[in-house]
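The structure under discussion appears below in the form of structure tokens.
Just so it is clear, none of the values below were taken in a lab; they were calculated from the coordinates. Since the structure is predicted, the reported quantities are computational estimates derived from the model, not experimental observations. A quick note on method: Cβ atoms are made from the backbone with ideal geometry, for glycine too, and the neighbour counts reach across all protein chains shown.
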């Protein structure tokens, strides 16, 4: 893993140089993926890296874990609470649509969660612009392949350093980097709502997705879930499309 860490650190440093910017920023959620990225960007740009903690109706434990990452990595950090901003924006949007009679209650939870992710993206880019930093994403190979991220939310970034690493490999990176054990062993969750976990929401475990990505045998039902997620989220992994030029 040390060789992988050196490789990723050098790659991140090269991206900064080639883009002509000054450093790197990441949103620290308290989960393992953002923890690994925070440790990596601190290594790549010791004096020009920033971790942003952005609570938004979040479980207080997430902020505690995020602070463990800050303490462990030594990264510069700031906290911007988006709870009130989200509440104002979501309630305003909800009220307008409800007046038309078109509000879809079945989609409300997803709309709420996606707005949180997109507010965090907007916040990261606003702060990044101030410091002339690149925004670094935290999606691993399983999330990238299945599209388990919010389009223009946590998927709205400049760099995705761990997109080729399975969840299991991210755990190994975390151990090698010195990420606190408490974070490595916690159940993966995007913190979108109370009790939410990634695996319950996807309907398949990261271990099975990892095996699939390594061309190992997995149960047929799990394979179908993974392939369906990949097909359904293809639009998230490509640039916006347009028609051919009219002639």
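The table below gives the values:
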quantity: Using alpha carbons only: equivalent-ellipsoid semi-axes of the range 55-96, gyration tensor based, whole Å; calculated: 29, 10, 5
quantity: Sum of -39500 (n - 2.57) over DSSP H runs of 4+, divided by residues of the chain (222 nm, nearest 500); calculated: -17500 deg cm²/dmol
quantity: Label-point gap, in nm, between residue 14 and residue 217 - each point 7 angstrom along Cα→Cβ; calculated: 3.9
quantity: Relative pair counts by distance (%), Cα atoms of the range 1-50, 10 Å bins; calculated: 28, 54, 18
quantity: Tensor-based shape of the range 1-132 (alpha-carbon gyration tensor, a/c under 1.5 rounded, otherwise prolate or oblate); calculated: prolate
quantity: Tail beyond 34 Å, pair distance distribution of the range 2-237 (Cα, percent); calculated: 15
quantity: Viscosity 0.890 mPa s, temperature 25 °C, Stokes-Einstein D of the range 72-139 from Kirkwood C-alpha radius, µm²/s; calculated: 172
quantity: Spin-label pair residue 93/residue 64, simplified geometry with 7 Å Cα→Cβ offset, distance in nm; calculated: 3.1
